[in-house]
Structure formats: structure tokens, C-alpha cells
Amino acid sequence: MESRFKYNPLNVERHEIRLLKLLSPGSGPSLAKSALVNCTLEHVSLDENPKYQALSYVWGNPALTTPICVDGKVFQATFNLEAALRHLRKEDASVTLWVDAVCIDQGNNVEKSDQVQRMGDIYRNASEVVIWLGQTKQEHSKLWAQLKELSQLSAGGGALELNIDDLVDVDERNTRAPWLLSLNLELQKMFETITIGYSNEDTLLIEPLLKLLGQPWWSRIWVVQESSLPFLARVVWGSNEMYWVGAWERVHRRSDDKKVKLIDMLLQTSVSSALTATDPRDHIYGLFGIIEDADELGIKVDYSLSVESVYEGVARALLRTEGLKMLQCCQYSARHRSGTLPSWIPDWSSSLRQLLDGLRILLPSGVYNASGLMDAREARRLEEWRQRMEKLNCQDPSFSFQASTSSNDSAATVLASEESKPGILRILAAPVDSILAVGGAWEEANGALDGHFRDMLWVEELERLAEKSEGVYSEAAKKEALWRTPIADRGLPRMTYIWFPRATTEAMGHDVLMGRFPLDKINEQSRGFYYQKSRAYQKILRAFGKDRRFFITQTGFLGLGPDPAEPGDEVYIIQGASTPFVLRPTEDSRSYKIIGEAYVHGVMDGEFMQKRPEMTTIDLC
């Protein structure tokens with residue numbers, strides 16, 4: 001029987017890793033094996049600054065493998081890895097690489113946990129990262145030539161700095177991780193002209209890049225650290241190569257030099273993106289090479305834990321550091337519906353729709369203020385109190401901390417409520433109303449014309465629901481609700497770093513979309529301005545409408561809620577969160593499931609809480 005490769009254990013105390021030495025073609029212990037890709041493994045200490053390149057690639061189907069030869073023994077590698085190694089061999093010299101699938105014993109969870117914890121250092125210390133996009137087809141050579149021509153347009157330019165949404169606008173079908181569009185491809189000058197009203201010429205210019213970004217490599221969660229940590233990255237697509245300079249420090253580091261936090265990276269890689277991971281735990285662990293608050297959060301890489309345990313540990317840690325605003329990330333996924341994951345624990349393996357309020361990504365204090373959040377001074381006092389409690393060993397994970405503020409002063413109190421049973425999060429909340437009826441979910445369109453009518457018909461659903469609204473709004477307030485609710489009361493940037501600030505002048509865009517603006521009385525040359533207003537309104541509508549639907553409550557509140565919302569669900573304002581939530585009572589009505597955050601017109605700035613509603617303690621399951 002053919003002998004199979006077996007690993008020798010690593011010395012953890014010496015911070016050892018394995019390096020793969022890729023041998024020249026024809027090398028091998030036998031004539032038969034010389035036809036295979038041959039390599040050897042050696043143990044080295046990261047403390048000794050070894051010289052190596054790191055390989056970044058798509059594993060492909062792990063069940064589809066082909067043999068390579070490691071230390072004279074047969075090793076089953078995926079087809080894509082074998083192709084990359086075969087391509088990277090040199091005729092007259094060996095090549096030293098770090099390759100995760102070979103250098104880590106994937107069947108040893110203890111070793112895998114230790115090595116993944118070190119991957120930040122592994123990629124950061126590599127002389128370069130070789131990004132293998134796969135084999136090319138004949139038409140790719142022409143595409144690569146176009147990309148090189150485009151890069152020459154900005155020769156001598158600095159790191160690429162652009163508004164990610166400008167690029168996403170060019171082709172809304174491009175759902176590959178938006179963060180990657182800020183990597184340095186030396187195309188800055190070309191992209192400076194791309195705006196909301198991009199031209200056909202701009203579309204032609206960016207088309208080659210969109211094809212490149214369509215390759216499977218870009219969809220992996222691991223590419224976040226693999227491409228951004230090293231100073232130098234070499235992109236290899238078949239026989240084509242291109243370099244880019246790592247831009248992590250320049251592009252991603254916050255200007256105030258604060259830590260790169262897990263919550264920020266989770267949002268950047270989960271909201272409206274298609275990043276994937278073979279192992280759902282890697283949606284967390286795949287970011288450990290970048291984040292700088294893992295110790296503070298008390299989270300370590302541990303592949304012996306279940307997916308649910310990993311996600312729960314992250315949720316509890318973020319509740320301690322970010323507060324109950326973290327619950328915005330709880331968007332009712334298949335894991336929640338099946339009951340394998342409590343609804344108050346975000347499912348990071350499921351792409352999140354655009355959050356209504358962006359946590360730290362937009363503003364530390366949030367855009368909305370539904371629960372009447374405390375001011376920054378009181379927030380600092382709360383944090384100081386929490387730190388004192390932690391020093392007294394009172395940071396038991398079975399406790400949840402909540403901040404409440406009275407309606408007429410800023411005095412903050414802290415409640416510590418113990419869980420009644422495992423899997424339950426006990427919170428303080430104010431019931432607003434129950435949902436009477438819902439509209440249809442927003443749907444993607446096939447083209448620009450179809451999209452225009454789809455948006456118009458969707459907004460008309462809100463108007464039909466509004467016919468049932470009596471008593472809550474005045475006529476003026478109801479009219480305002482009809483244009484603010486579809487866009488969650490948000491606007492496009494106006495001399496601000498905040499994407500989607502609160503709406504101000506978007507009512508005109510609504511009226512143009514709905515055919516209620518007298519365009520026939522406007523001269524033809526001026527109509528473009530009003531059409532642009534409508535397109536801007538639709539841009540916001542599509543950002544917040546995706547995976548959401550309109551609803552009306554029993555007393556007449558109009559809202560924009562999560563897609564799974566249905567009549568009988570209840571709307572609550574959770575003390576400490578900036579947005580209302582749609583909750584679903586369980587059959588015994590003793591606990592609730594989080595269905596998702598919601599925009600409810602007339603309660604987003606603390607108006608409802610100013611009425612001093614009765615607060616109740618509820619269990620989330």
C-alpha cells in the first residue's frame with residue numbers, strides 16, 4: 001500500500017510554523033512521483049524571521065483532490081492548489097511558500113486553532129503574498145492588457161482612495177465584497193470621474209476590473225487579511241501577473257489611531273457582501289489577523305467549539321463593549337428559524353442587509369435615537385462603572401448590562417439582570433404596538449426601466465397601508481411619513497463623511513418618482529436635474545429596501561421592517577438601542593424572537609419614550 005503523509009507536531013513555545021519548499025519540475029523520490037508536484041516541509045520559528053512567500057488562493061471543492069508529493073509521501077491537494085503549485089515552480093531553484101492547506105494539519109483542531117491565531121503574523125511577515133486567481137482563458141489575455149493600460153493612466157498616483165459606493169453604482173450586480181474595491185490597483189485617476197451620474201465611457205473603463213473582481217478568489221473571507229496585511233501582493237492569473245502595494249495602514253486605519261475592532265470588520269465583511277467561508281466559524285476567525293481587540297473581547301481561535309458556541313461568545317463580548325445596539329445585526333436567518341441559534345445572536349455566516357444604523361461604522365452615537373440614548377458623558381460614566389465591576393470579577397457572562405435614561409434628565413442607571421435559563425437574553429424594553437398588516441417585499445429588477453416602475457409600485461404599497469392609519473399622524477405628518485419611510489429618513493452625503501445622513505430635501509425625489517411633480521411644466525434642459533433627484537431617491541430606497549417590507553401597526557404607525565415581519569409581530573423599543581425592533585412572541589408568549597430592526601416613522605428620535613411608556617423585562621430566545 002502507498003504510504004501517506006503524516007505531520008510531525010509543531011513546537012508551540014518556539015512559535016513554530018511549517019514552510020513548504022516547492023521543488024523544481026522532475027524532482028521526486030521515484031520516476032512515478034517525479035511527474036507530480038514535489039515539495040518538502042520544514043519547521044521554522046517565526047521569531048527567527050524566516051524568508052518565504054504566502055500563497056492566497058481558493059481551495060475549491062475539498063472532495064475533489066489530486067495527489068502531490070510531500071516529503072516523498074502522497075498528499076491529496078485540491079485541484080486549484082495543485083494547479084497553483086505547478087505554475088509557481090521554478091526550473092532552476094526551489095520556492096519557499098506558506099500554504100495553509102499543507103502547512104497546517106487541518107485534521108488537528110488544537111494545532112489549527114494555534115496556527116490560525118498566528119496567521120496575522122504569518123501574512124504580515126511574508127516577503128510577498130502570491131494571489132492565485134486560477135487558470136486563464138484566451139480572452140483573459142486581452143482583459144489583462146486592458147487592466148495594465150488602465151493602471152498606466154494613474155502612474156505615479158498614491159494609494160487608491162475612493163468612495164466604495166461609487167464603484168458599486170457602476171454595476172449593481174457586482175456583489176463581491178465591497179471593501180476590496182479600496183485596494184491599491186493604481187487606478188485612482190480613472191475613478192475620480194465616476195459619480196452617481198456616471199457616463200457610458202466610465203462603464204467601459206471599469207468593465208475589465210469588474211470581470212477581474214468576478215473571479216471566485218474575491219468572495220473568500222480570508223482575502224481580507226491575506227491581501228491587506230503584506231506590504232506587497234502579486235496577483236497571478238494564469239500566465240498574467242500584476243503587483244499592488246498593500247494599503248491597509250493607509251486605507252483602513254482610522255485617522256484617530258483607534259484599534260481595528262472586530263465589530264467594524266464584521267460589518268464591513270457581512271453587510272451587503274458575498275464573502276464566503278467553508279467553515280462558518282471562519283467568518284470570525286478569518287479576521288483575527290487584522291483585529292486588535294481580540295484580547296479585550298476575550299475571544300480566542302478554538303476549532304473545538306461549535307459554530308453556535310463561537311457566535312454566542314462573540315455576541316456576549318460585543319454586548320459588553322458595544323451595548324444593545326449590537327442587536328441590530330440580528331437578522332432572522334435560517335439558523336434562527338431552525339432554532340439552532342438564538343435570535344439575539346447574530347448569524348455572521350449570513351450576509352446582512354444594510355443596517356438602519358451603522359454602529360461605529362457611521363457614528364459612535366448613532367443616526368437615530370429611538371430609545372433616548374444617554375449623552376457621551378453619561379456613556380463614559382457607565383463604562384467606568386463597568387470596568388470597576390470587572391475588576392471585582394463581576395463580568396459573569398450570564399449577566400447583561402443595559403443603560404436606561406429617564407425622559408427628563410440624563411441620569412443613567414445600570415441594570416444587571418441574570419438569565420433565567422441558558423440561551424436567553426433578558427432586556428428592558430417598551431412595547432410600541434403590534435403589526436396589523438404588511439406589504440410585499442422589495443424585489444430586484446431586470447433593467448433600469450423595470451427598476452423605476454418596481455420602485456414606484458413598491459412605494460404605492462405604503463400608500464395603501466397608510467389609508468388604514470388613523471389617529472397617530474396629522475395630515476402633514478402622514479404626508480411626510482410617505483416619503484421618509486421608504487428611504488428610512490436618510491439622504492445622500494452633503495459635505496459630510498457620513499454615508500446616508502438623515503433626510504432633508506429628498507421629498508422632491510419622491511414626488512418625481514411617483515409622477516407627482518409637474519415635469520411637463522419644466523423646460524427640457526432643466527428636467528435632468530429633477531430626474532437626478534429621483535435617481536438619488538431610488539438609490540437610497542434600494543439600499544434600505546432590500547430584504548425589507550412596509551408595515552402598519554394597530555394604532556396606525558407606518559414602518560419599514562425586515563422581510564420576515566408578519567401580522568401579529570410586535571414592535572418594541574429596546575432600552576439602549578437606537579432603532580425599534582420587530583419581535584415575535586413564542587407560542588407560550590413567555591419569550592420573544594428578534595425578527596430585525598425597523599424604521600417606524602414618528603418614534604426614531606425618542607418621541608415615543610418622552611411619553612414615559614411602561615418598561616417591561618422580556619426574554620429574547
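Quick check: net charge around residue 553, other residues with Cβ under 11 Å of its Cβ, Lys/Arg +1 and Asp/Glu -1?
On the way: positive: 468; negative: 433, 569, 570.
Around residue 553, the surrounding residues sum to -2.
Considering only the stretch 12-103, what is the antiparallel percent among its DSSP beta bridges, to the nearest 5?
Bridges in the stretch 12-103 are about 80 percent antiparallel.
By average Cβ neighbour count within 10 Å, what is the ranking of 462-469, 560-567 from highest down?
Taking the mean over residues of other Cβ atoms within 10 Å, the ranking is 560-567, 462-469.
Pop out the ³J(HN,Hα) list for the stretch 551-567 in order, Karplus 6.51 cos²θ - 1.76 cosθ + 1.60 with θ = phi - 60°, rounded to Hz; leave Gly and Pro as x.
8, 10, 8, 4, 8, x, 5, 9, x, 10, x, x, 3, x, 4, 8, x
Highest first, please rank the peptides 217-225, 607-615, 24-32 by the mean number of other Cβ atoms sitting within 10 Å of their residues.
217-225, 607-615, 24-32
Hey, with R₀ at 56 Å, roughly what FRET efficiency would residue 589 and residue 59 work out to, going by the Cβ-Cβ distance, to 0.05?
Computed FRET efficiency for residue 589 and residue 59: 0.75.
What ³J(HN,Hα) values, in whole Hz, does the Karplus curve 6.51 cos²θ - 1.76 cosθ + 1.60 give for the stretch 578-587 when θ = phi - 60°, with x put for Gly and Pro?
After applying 6.51 cos²θ - 1.76 cosθ + 1.60, I find 8, 10, x, 10, 8, 10, 10, x, 6, 4 Hz.
Under a Cβ-Cβ cut-off of 14 Å, what is the net charge of the residues other than residue 565 that fall near it, where Lys and Arg count +1 and Asp and Glu count -1? Could the numbers behind the result be given before it?
Values: positive: 337, 353, 548, 549, 584, 593; negative: 433, 461, 547, 563, 566, 569, 570, 597.
Around residue 565, the surrounding residues sum to -2.
Give me the net charge for the shell around residue 507: Cβ to Cβ below 14 angstrom, other residues only, Lys and Arg +1, Asp and Glu -1.
Here the charged neighbours net out to +3.
In whole Å, what are the extents of the stretch 521-621 along the principal axes defined by its C-alpha atoms, from largest to smallest?
If we take the Cα atoms of the stretch 521-621, the spans are 62, 29, 24 Å.
Once a ≥ b ≥ c are taken as the square roots of the eigenvalues of the Cα gyration tensor of the stretch 284-347, is the result rounded (a/c under 1.5), prolate (a/b larger than b/c) or oblate (a/b not larger than b/c)?
Because a/c hits 1.5 or more and a/b fails to exceed b/c, the stretch 284-347 counts as oblate.
Give me, ordered by chain and number, the residues 5 or more places off residue 271 or on other chains with an amide H under 5 Å from its own placed amide H.
352
Say R0 is 51 Å: what FRET efficiency, to the nearest 0.05, do residue 453 and residue 108 get from their beta-carbon distance? Please list the in-between numbers first.
Details: r = 57 Å, r/R0 = 1.11.
About 0.35, to the nearest 0.05.
Using alpha-carbon pairs under 8 Å, 6+ residues apart, how would you state the relative contact order of the stretch 12-103 in percent?
After rounding, I find 38 percent.
Using only the Cα atoms of the stretch 59-143, what are the Rg and Dmax in Å?
Cα-based Rg and Dmax for the stretch 59-143 come out at 14.8, 46 Å.
What number in nm² do you get for the stretch 12-103 if you take the convex hull of its Cα atoms and divide its surface by four? Intermediate results must be reported in sequence, preceding the final value.
On the way: hull surface 25.0 nm².
The orientation-averaged projected area of the Cα hull of the stretch 12-103 comes to 6.2 nm².
Restricting the calculation to Cα positions, tell me the Rg (one decimal) and the Dmax (whole number) of the stretch 449-599 in Å.
17.1, 63
Return the subset of 51/90; 325/611; 478/533; 21/137 for which the Cα-Cα distance in this structure is over 20 Å, preserving the input order.
325/611; 478/533; 21/137
Amide H to amide H under 5 Å from residue 433: which residues, 5+ apart in sequence or cross-chain, H placed 1.01 Å off N in plane?
Residues meeting the amide H criterion: 571.
Throughout, read-outs are computed from the coordinates displayed, never taken from laboratory work. Since we're looking at a predicted model, the values are computed, not measured. Cβ atoms come from the backbone with ideal geometry, glycine included; neighbour counts cover every protein chain shown.
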